[in-house]
Amino acid sequence: MDSPRHKDILFNTFIIVLLTLTLASVYILLYNTHIDRIQRQLEIEDTRQMIDIMLREVKESREFRENVQDWLDKLEIDEFEVSAYAPLDPDAVEGMCYIGDPRVTATGARTTPGRTMAVDPDVIPMGARVYIPGVGVRVAEDVGPAIKGNRIDLCMSSKTDALRWGRRGVKVIWSFGN
């Protein structure tokens, strides 16, 4: 028969076990948090060490400095009139939005809104990567009858997006060399 004293002992044992498990859980949680913090700190230190090594190599590497200077010498910056077209839009008009197959660019690449742009290849070479502020990097893959001189036509996914872009004067950056 369970006596009141026996019930008290069982209850107290239960409480002690419960407290022990709770303390163990808190300890494990704190330990894991501490380990995570140490690992993050080590990753930060490893990253800093890698950056320091890279900077030291850059400072000591004449070849790297020459390559960077060569690359910078090939950069061009100029003002362009930037418009937009949407050859893949269902309402696209042949002769105005595209000539031939709207899915294929003048270079033979697939027409890709967000990547493709039309340029005058006498100004920007085909395949050049061009940085346009507010747009990002686009690839010179297409041409157009109205795209002559300092004009760029951005390929957009819809006629609405192209009309929203409109026509803007923008300084762009590209490189003549690879």
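The values are calculated or read from the model by the stated rules, or taken from the named source; none is laboratory data. Because the structure is predicted, anything quoted here is derived from the model rather than measured. All Cβ positions, glycine included, derive from the backbone under ideal geometry; neighbour counts span all protein chains shown.
Residues of the stretch 134-178 being more than 20 Å from V104 (Cα to Cα) and of a type in the set (S, T, N, Q), which ones?
Within the stretch 134-178, N150, T160, S175, N178 meet the criteria.
So which residues in the stretch 138-160 are under 18 Å from E79 (Cβ atoms) and surrounded by 13 or more Cβ atoms within 10 Å (Cβ to Cβ), if there are any at all?
R138, A140, I147, N150, R151, I152, D153, L154
I'm trying to understand the selection: among the residues of the stretch 103-135, which are of a type in the set (G, A, S), touching a residue at least 12 places away in the same chain (Cβ under 8 Å) and over 15 Å from L75 (Cα atoms)?
Listed by number, the residues that qualify are A106, A109, G114, A118, G134.
So, G95, is that one modelled with pLDDT under 90 and not charged (D, E, K, R) or not?
yes
Identify the residue in the stretch 79-102 that is outside any loop (DSSP other than H, G, I, E, B) and free of Cβ contacts under 8 Å to residues at least 40 places away in the same chain and, among all such residues, is farthest from K171 (Cα to Cα).
E94
Tell me, which strands (runs of 3 or more DSSP E) wholly within the stretch 106-178 include 2 or more residues that are over 30 Å from N67 (Cα atoms), in the same structural domain as F80 (by TED's automatic domain parsing) and acidic (D, E)?
none
When only residues in the stretch 86-117 that are within 18 Å of V137 (Cβ to Cβ) and more than 22 Å from the chain's Cα centre (by Cα) count, which is surrounded by the fewest Cβ atoms within 10 Å (Cβ to Cβ)?
T107
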